[in-house]
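Engineer: Before I ask anything, let me first share the structure, which is written out below as structure tokens.
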Amino acid sequence: MKNGQNRPTRGNGLLEPLLARLRARQANLLIPSVLRQGSILDIGCGSYPYFLSNTYFKEKFALDRFHPKEKIIDINWYTFDLSVSPFLPFEEDFFSVVTLLAVIEHIDPEVLVNLLMDIHRTLRPGGVLILTTPAAWSDSLLHRMSRTKLVSKEEIDEHVYAYTLPLLGWYMGKAGFEMRKVKFGTFEIGLNLWSTAYK
């Protein structure tokens, strides 16, 4: 990743490449192998789709408000700003998996409800939404780390909301996911949360 090439996030946080690898590893662990024969959508993938470049799927889609830095083979790219519209440009029952990795903390909570509802619409029956987000308690720590350039200041300064596991459950229910099909956990020694929600 010399000279910022193929950086997983904007900014120059020293730990960002490691954190991107840990997020990708966690997401890959949560994806059942049977779903990999379908399509995946990674929302908020950044200008370099690190996770999609490090996972196997029959068909891959990336969605971000930034254009890719370079053409990436085997990834269908959509430049799309969720702050303008939380409604995805895809048909119903299209994806086997949708991921939101370190994204929801950047989205206005009112927009997030509509986005999650639309993700539910675009998932196939039996498909899964996988998301990760920093734990609410880690917010002040992340801001301190950004000041010392351990993590990307540009990314951390754009955080608009922080989440707890019960709050993630509330959002999943509001979006139409049945609570018996929703699971939660933590990783990176509790600094980050993960959730899966099956349709």
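Engineer: How about region 168-192: which of its residues are under 17 Å from the mean Cα position of the chain (by Cα), farther than 15 Å from Val111 by Cα and not β-branched (Val, Ile, Thr)?
Structural biologist: Gly169, Lys183, Phe184, Gly185, Phe187, Glu188, Leu191, Asn192
Engineer: It is to be established whether one or more residues within region 39-49 are in contact (Cβ under 8 Å) with a residue 60 or more places away in the chain, surrounded by fewer than 17 Cβ atoms within 10 Å (Cβ to Cβ) and in contact with a Ser or Thr (Cβ under 8 Å, 6 or more places away or on another chain).
Structural biologist: No, region 39-49 has no match at all.
Engineer: Can you tell me which residues in region 82-100 are in contact with a helix residue (DSSP H, G or I) (Cβ under 8 Å, 6 or more places away or on another chain), hydrophobic (A, V, I, L, M, F, W, C) and assigned to a loop (DSSP other than H, G, I, E, B)?
Structural biologist: Leu82, Phe87, Leu88, Phe90, Phe94
Engineer: I'd like to know if region 55-73 contains one or more residues that are under 15 Å from the mean Cα position of the chain (by Cα), within 15 Å of Ile130 (Cβ to Cβ), outside any loop (DSSP other than H, G, I, E, B) and in contact (Cβ under 8 Å) with a residue 60 or more places away in the chain.
Structural biologist: no
Engineer: Now for a different question. Where the second residue is modelled with pLDDT under 80 and the first is of a type in the set (Asp, Glu) and lies in region 4-21, which pairs have Cβ atoms under 7 Å and are six or more apart or on separate chains?
Structural biologist: Cβ pairs passing all conditions: Glu16/Arg7; Glu16/Pro8; Glu16/Thr9.
The values are calculated or read from the model by the stated rules, or taken from the named source; none is laboratory data. None of these values were measured; they are calculated from a predicted model. Neighbour counts are summed over all protein chains in view; Cβ atoms, including those assigned to glycine, are modelled from backbone coordinates with ideal geometry.
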